[in-house]
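Read the structure below first, then the notes.
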Amino acid sequence: MHNPGSMEGSEKEGLVIVIVGPTAIGKTSVSIRLAEHFNTEIVSADSRQFYQAMNIGVARPSEDELKRVKHHFIGFLEPEAEYSAGKFATDAGETIETLLKTHSHVVVSGGSMLYVDALLYGFDDVPAWPGIRNTLNESHQSSGIEALFLQLQELDPEYASTVDRNNPHRIIRALEVCLGSGRPYSYYRTSEKKAAPFRFVLIGLQSERNWLYARINARVQEMMNNGLEDEARALLPFRNLNALNTVGYKELFSYFDGSCSLEEATEKICQHTRNYAKRQLTWWRNRDDVRWFDVQHEDPLERIIQYVESEN
């Protein structure tokens, strides 16, 4: 059985329950019910939900859900704000340690793999090479992202297999590190890091692929019915910000530009979300400390509670 992350001393009194898995699998619902069961609060590790103006397109918990359980790190940033995984690891770590003084458990929920990793395993302070980054940004503007992605595949095939190939910010950052340090970016992500200053268990939610993809398609259609097009149009002035370079918005920006029809943009959102879900599963299935629970054939809540209590 997995031995949760720990620290010397008397920290055994608290346990952090980390819910991971692909987008649309149901992490929000499971996290809220777990938090209600353990009478605690939720720390969101979904970087797309950090920004105030992004609501429908990032599947932020509903107002009713936010009233049921107190959430941290949702809608606390302006779109132009810069926020990193390292900063999140520090801020969320402090929030968790404060909560554990008055709660026996804390729930962490989110789909942003790098942010969860930084929180649980530490974050390497990798140097920056601004000159290289500027050159890569110029290359992106002149030649597009595909050439940069192919270069990343050559220099770091491991990271290239999991990165969002439509996210120039992450591809450029990885290439910057590869070219500046002479090492693959994945080297820094897998090097030894300090353990989290709290005990935790990793709970993975999974299902058959076709079931998940049907849920993704249905959720995208629900987002469109709930006004995603209007939300994206209101955010159009911020389209060049990193926060808006994300699935659900960039496809609609292309529609606003006249590059595709609304139907085509909607299908691209579905496709890109399915691709993201696949990358999330690849990321977490490469870890040996995730305890997986099937959500397709039965409600996993009771089994998860039993597992968590067995780790206390």
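Would you pick out the residues in segment 86-120 that are of a type in the set (Asp, Glu) and in contact (Cβ under 8 Å) with a residue 24 or more places away in the chain?
GLU97, ASP117
Might you check whether a residue that is open to solvent by 70 Å² or more (accessible area, probe 1.4 Å) and of a type in the set (S, T, N, Q) occurs anywhere in segment 295-308?
yes
Would you pick out the residues in segment 121-159 that are touching a residue at least 60 places away in the same chain (Cβ under 8 Å) and either more than 20 Å from GLY86 (Cβ to Cβ) or not small (Gly, Ala, Ser) (or both)?
Of everything in segment 121-159, those that are touching a residue at least 60 places away in the same chain (Cβ under 8 Å) and either more than 20 Å from GLY86 (Cβ to Cβ) or not small (Gly, Ala, Ser) (or both) turn out to be TYR121, PHE123, ASP124, VAL126.
Identify the residue in segment 151-180 that is among the acidic types (Asp, Glu) and buried (at least 18 other Cβ atoms within 10 Å of the Cβ) and, among all such residues, is farthest from LEU281 (Cα to Cα).
My answer is GLU176.
Consider segment 79-104. How many of its residues are within 25 Å of ASN242 (Cα to Cα), in a loop (DSSP other than H, G, I, E, B) and open to solvent by 90 Å² or more (accessible area, probe 1.4 Å)?
2
Determine if segment 209-228 includes at least one residue that is in contact with a Phe, Trp or Tyr (Cβ under 9 Å, 6 or more places away or on another chain) and without any contact (Cβ under 8 Å) to a residue 40 or more places away in the chain.
For segment 209-228, residues in contact with a Phe, Trp or Tyr (Cβ under 9 Å, 6 or more places away or on another chain) and without any contact (Cβ under 8 Å) to a residue 40 or more places away in the chain: absent.
Mind listing whichever residues of segment 25-61 are under 22 Å from LEU244 (Cβ atoms) and either acidic (Asp, Glu) or assigned to a loop (DSSP other than H, G, I, E, B) (or both)?
ALA45, ASP46, PHE50, GLN52, ALA53, MET54, ASN55, ALA59, ARG60, PRO61
What is the residue count in segment 200-255 for residues that are touching a Lys or Arg at 6+ places or on another chain (Cβ under 6 Å) and open to solvent by 60 Å² or more (accessible area, probe 1.4 Å)?
Selection size over segment 200-255: 0.
Exactly one of these conditions fails for VAL30: (1) in contact with a helix residue (DSSP H, G or I) (Cβ under 8 Å, 6 or more places away or on another chain); (2) modelled with pLDDT of 95 or more; (3) of a type outside the set (Asp, Glu); (4) surrounded by fewer than 21 Cβ atoms within 10 Å (Cβ to Cβ). Give me its number.
Going through (1) in contact with a helix residue (DSSP H, G or I) (Cβ under 8 Å, 6 or more places away or on another chain); (2) modelled with pLDDT of 95 or more; (3) of a type outside the set (Asp, Glu); (4) surrounded by fewer than 21 Cβ atoms within 10 Å (Cβ to Cβ) one by one, VAL30 breaks only (4).
Inspect segment 121-137 for any residue being among the hydroxyl-bearing types (Ser, Thr, Tyr), farther than 21 Å from TRP284 by Cα and at pLDDT below 90 and give the result as yes or no.
Within segment 121-137 (the criterion being among the hydroxyl-bearing types (Ser, Thr, Tyr), farther than 21 Å from TRP284 by Cα and at pLDDT below 90), the answer is no, since none of the residues qualifies.
Of everything in segment 11-23 that's open to solvent by less than 10 Å² (accessible area, probe 1.4 Å) and within 20 Å of the chain's Cα centre (by Cα), which residue is nearest to PRO197 (Cα to Cα)?
VAL16
Does at least one position in segment 133-150 carry a residue that is part of a helix (DSSP H, G or I), aliphatic (A, V, I, L, M) and open to solvent by 70 Å² or more (accessible area, probe 1.4 Å)?
yes
The values are calculated or read from the model by the stated rules, or taken from the named source; none is laboratory data. In this text, all values refer to a predicted model and were calculated from it rather than measured experimentally. Glycine also receives a Cβ, built like all others from the backbone with ideal geometry; neighbour counts cover every protein chain displayed. Quick note on the areas: whole protein, heavy atoms, side chains included, nothing else; ligands and nucleic acids left out. Shrake-Rupley method; radii C 1.70, N 1.55, O 1.52, S 1.80 Å.
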